[in-house]
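Every number here is computed from the coordinates shown, using simple stated rules; none is lab data. Because the structure is predicted, anything quoted here is derived from the model rather than measured. Every residue, glycine as well, gets a Cβ built from its backbone with ideal geometry; the counts of neighbours run over all protein chains shown.
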Amino acid sequence: MHDSLFQPIKFGAIESKNRILMAPLTRGRSTQPGSVPNEMMATYYRQRAGAGLIISEATGISVEGLGWPAAPGIWSDEQVEGWKLTTDAVHEEGGKIVLQMWHMGRLVHPDFLGGEPPVSASATCAPGHAHTFEGRKDHQQARALETDEIKRVVADYRHAAENAKKAGFDGVQLHGANGYLVDQFLRETTNQRTDDYGGSPENRTRFLREVLEALVDVWGADRVSVRLSPNGETQGADDSNPAAVFGAAARVVQELGLGFLELREPGPDGTFGSTDVPKQSPLIRTIYTGPLVLNSDYTAEEAAEAVETGKCDAISFGRPYISNPDLAERIAKGAQWAENVNVPQSWYLPGPAGYIDYPAMDDK
């Protein structure tokens, strides 16, 4: 069933056996202290290697950029060695995996930074609460990155990309979505700068371009991708003219020749965020000519139709992969998807429950 999803595709230099991607999913199972990937995480990704390509959970590029309890990092040698367990496991199962690179910007609580404020495009404060090791706490105001500091942050991305290569990944994806640091530079509510990184859409995409150029320098363009969320508000980041800024962002991706572009596009009934702001993928499709991956609340039928009609080239599935480690196989056989149990409680709990204990079809 759904034959269009089971045609091979090349995401730049990465050959995928199907057009079903596992979207990045924060699960908070790394070993603390140190944010070190572990054997349990390797088991989790091994179970899901039937995806044509796995995009890893968002992974901190630096201490400054990571503000989620027990999320993994990629800045230390110990983390590199920990990630090798996962990349080896996925490759042993015939799968492919890229590392999603994460700087949370203003969404990092000072508790993670020794009491220092987080950094962002501008001195703004995110709405709502941060997750900390001591529970939920109000977000605090960020300080604006000085113009000459931006080079340091770009260098942190470069160092993380070099570590991802050492860890055995097949490529890297820049997290440019969901109101995190790259998105904070892109959108007008979070970018109030008056230097070369603020103002026009082209200026607001400058940070995106410079980071991507650093990743391309390490990996080659054909093993680099980016995730964007071009429609609607997310974690306080929004823009009154998404077509202008995300059209400009798509031109950056096109000019750099990246391996693929992934768009998270919720609709009015989205399970994580909902919006009436029109989806920007039709516009972006006219600008970026490489493989386009869409995400957000797709059923198998909707995914197959989107690929068949040329709306996109592949679909990434997020939450269904939590409780369906063999999601691609289930789609191929037209089998029912298992429902998430104790969600969202089990998403971020420590230990194997709700993480590696979901059975595959043949294990029941």
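Evaluate the charge dipole of the range 101-259 about its Cα centre and quote only its size in Debye, nearest 20, assuming +1 on the Cβ of each Lys and Arg and -1 on the Cβ of each Asp and Glu. Before the final figure, lay out each step's value.
Working: 17 positive and 23 negative charges, 47 e Å.
It comes to approximately 220 debye.
Give me the extension gain from GLU78 to ARG136: residue separation times 0.36 nm, minus the current Cα-Cα distance, reported in nm with one decimal.
Working: separation 58, 0.36 × 58 = 20.88 nm, distance 2.83 nm.
Answer, rounded to one decimal: 18.1 nm.
Students often forget the sequence filter, so: which lysines lie under 28 Å Cα-Cα from LYS137 once same-chain residues fewer than 8 apart are removed?
none
Straight-line reach only, C-alpha to C-alpha below 27 angstrom: list the lysines that LYS166 could link to, leaving out same-chain residues fewer than 8 apart.
Cα-Cα hits under 27 Å: LYS10, LYS17, LYS84, LYS96, LYS151.
Rank these for me by crowding, LYS10, LYS17, going from fewest to most other beta carbons within 10 Å. Can you show the working numbers first?
On the way: LYS10 14, LYS17 17.
Final ranking by Cβ density, sparse to dense: LYS10, LYS17.
Contour minus end-to-end for ASN340 and ASP357, with contour as 0.36 nm per residue of separation and end-to-end as the Cα-Cα distance?
Working: separation 17, 0.36 × 17 = 6.12 nm, distance 1.16 nm.
Extending this stretch completely gives an extra 5.0 nm.
Just to confirm a number: summing +1 for Lys and Arg and -1 for Asp and Glu over residues other than ARG27 whose beta-carbon lies under 14 angstrom from that of ARG27, what do you get?
Around ARG27, the charge tally is +1.
Based on Cα coordinates alone, diagonalise the gyration tensor for the chain, multiply each eigenvalue by 5, take square roots, and list the semi-axes in whole Å, largest first. Each step should come with its number before you reach the end.
Working: eigenvalues 167, 116, 77 Å².
Sorted largest first and rounded, they come to 29, 24, 20 Å.
Quick one: which of 133-139, 246-252 comes out on top by average Cβ neighbours within 10 Å, and what's the full order, highest first? Please report the intermediate quantities before stating the final value.
On the way: 133-139: 11.9, 246-252: 22.6.
Ranking, from highest mean packing down: 246-252, 133-139.
Which of the listed residues, ASN324, ALA214, ASN342, is farthest toward the dipole's positive end in the chain, when Lys, Arg count +1 and Asp, Glu count -1 at the beta-carbon?
My answer, from the dipole projection, is ALA214.
Taking the Cα centre of the range 3-363 as origin, work out the dipole magnitude from +1 charges on Lys and Arg Cβ and -1 charges on Asp and Glu Cβ, in debye rounded to 20.
Details: 33 positive and 50 negative charges, 48 e Å.
So the magnitude is around 240 debye.
Would you work out which of ALA70, GLN235, PRO33 lies farthest towards the positive end of the dipole of the range 3-363? Charges go on Cβ: Lys and Arg +1, Asp and Glu -1.
Of the candidates, GLN235 comes out farthest on the positive side.
If you take every DSSP beta bridge whose two residues both sit in the chain, what share of them, in percent to the nearest 5, is antiparallel?
Working: 9 of 40 bridges.
Of those bridges, close to 20 percent are antiparallel.
Provide the net charge surrounding GLY310, with neighbours chosen by a C-beta distance below 13 Å and charges set as Lys +1, Arg +1, Asp -1, Glu -1. Numbers along the way, then the final one.
On the way: positive: ARG19, ARG285, LYS311; negative: GLU305, GLU308, ASP313.
After counting each charged neighbour, the total is 0.
Give me the distance between the Cα centres of the range 1-65 and the range 197-238, rounded to whole Å.
One Cα centre to the other: 20 Å.
Have a look at MET104, GLY82, ALA155 and report the one farthest towards the positive end of the charge dipole of the chain, computed about the Cα centre with Cβ charges (Lys/Arg +1, Asp/Glu -1).
ALA155
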